[in-house]
Structures are given as structure tokens and as C-alpha cells.
Amino acid sequence: MMPVDFSIVGTVHNHPSVSFHPSEADLPLLQRFGKVHIIAAYPYSFESWKAYKSIGNARSIRII
């Protein structure tokens with residue numbers, strides 16, 4: 001359990017498989033914490049991640 005912190009803009013976590021799509025277990029987490037969520041997948045390269053909105057839809061983000 002984390003205390004309420006309105007500076008949280010999202011989450012980052014990894015999947016041990018090659019799928020970076022949100023699982024059913026991920027969806028409540030996405031809806032609870034922020035608006036940007038990044039999921040990285042094996043083999044954890046620059047191409048094996050994706051960003052999602054709180055409802056689980058893919059979104060684009062700019063990496064700077």
C-alpha cells in the first residue's frame with residue numbers, strides 16, 4: 001500500500017514474457033496510479049516496451 005501522492009504520473013513494470021500488453025491483473029493497477037504506464041517485455045530492448053493509458057489503450061509518449 002502506498003500513500004496518496006498526486007505527483008505520481010504513472011507506473012513502469014516488466015513482463016517476463018515477450019508480451020508487453022497489459023494483462024487482466026495489470027488493468028486495476030493502471031486505473032489506480034496515474035495516466036502513463038510503461039510495460040517492458042523480454043528481451044528488454046529499446047523496442048520491447050509500450051506505453052498505455054489508464055484504461056489499457058496504447059498511447060504514444062515522447063522520450064527525451
*Sort out which residues of the range 10-64 are surrounded by fewer than 12 Cβ atoms within 10 Å (Cβ to Cβ), of a type in the set (S, T, N, Q) and over 11 Å from the mean Cα position of the chain (by Cα), and write them in order of number.*
Ser17, Ser45, Ser60
*Would you call Ala41 in contact with a Lys or Arg (Cβ under 9 Å, 6 or more places away or on another chain) and on the phi < 0 side of the Ramachandran plot?*
yes
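Hey, could you check the range 41-64 for residues that are among the aromatic types (Phe, Trp, Tyr) and assigned to a loop (DSSP other than H, G, I, E, B) and say which is nearest to Ser23 (Cα to Cα)? Steps first, answer last, please.
Filtering the range 41-64 down to residues among the aromatic types (Phe, Trp, Tyr) leaves 42, 44, 46, 49, 52.
Going one step further and asking which of them are assigned to a loop (DSSP other than H, G, I, E, B), we end up with 42, 44, 46.
Working: Tyr42: 15, Tyr44: 17, Phe46: 21 Å.
Only one residue tops the list, namely Tyr42.
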_Unmet requirement for Ile8, which otherwise passes all of (1) assigned to a loop (DSSP other than H, G, I, E, B); (2) at negative phi; (3) out of contact with any helix residue (DSSP H, G or I) (no Cβ under 7 Å at 6 or more places or on another chain); (4) at pLDDT 90 or above_ = (4)
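The values are calculated or read from the model by the stated rules, or taken from the named source; none is laboratory data. From a predicted model like this one, the values you see are computed outputs, not experimental measurements. Every residue, glycine among them, receives a Cβ derived from its backbone with ideal geometry; neighbour counts consider all protein chains shown.
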